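The values are calculated or read from the model by the stated rules, or taken from the named source; none is laboratory data. Note that the structure is predicted; figures quoted are calculated from it, not measured. Backbone-built Cβ (ideal geometry, glycine too); neighbour counts: all protein chains shown. Heavy atoms of the whole protein, side chains included, go into the accessibility calculation; ligands, DNA and RNA do not. Shrake-Rupley method; radii C 1.70, N 1.55, O 1.52, S 1.80 Å.
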Amino acid sequence: HWLPAWPYNLPGRRNLVKYSNSKEKAFINVSSIMRVEGLEETRNAYTKAKEEEQRQEQGDQIDLQFSFPDSQTACHRFPAGATIAFVKMIIEQNHSVESAKQVLKLGEKTLIDPLSLRDYFPSGSEAKIDVQLK
């Protein structure tokens, strides 16, 4: 059960309200509490900001062309922030090549699982990847 809030007026802290329940005590800055009528606008702004943050985190798209040992080829588009492990998972799902058996090569360079595509390619680029088996 929430205990009633009471003003906590220390110099320079006029807008703070102290509240507590049986487990925690905290201060709330009441000047930053949203008005109910602005809730939908605030929710939309938050959603847009979160989408922008995710877009920046993932970066631009990178197009990869895969060459498989059986001479097949395939193209896939990935976010620049995707990891090599994620790329291997997509290859496994779409081309039935087990992730653990895949070795992705860019020329002579082996692409390492924990790194992202951004570590190997500039955003918006295209690349040819050889899929080899262990």
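When the surface is traced with a 1.4 Å probe over the full set of protein chains, Thr110 keeps roughly 60 Å² accessible.
Of the cross-linked pairs Lys88/Lys134; Lys109/Lys134; Lys50/Lys109; Lys48/Lys88; Lys48/Lys128, those separated by over 25 Å at the C-alpha level are Lys50/Lys109; Lys48/Lys88; Lys48/Lys128. Candidate cross-link partners of Lys101 among the aspartates and glutamates, defined by an alpha-carbon separation under 12 Å and a same-chain spacing of 8 or more, comprise Glu92. Of the GluC sites (Glu not before Pro) found in segment 63-134, those that fall in a DSSP loop while having at most 10 other beta-carbon atoms within 10 Å are Glu108.
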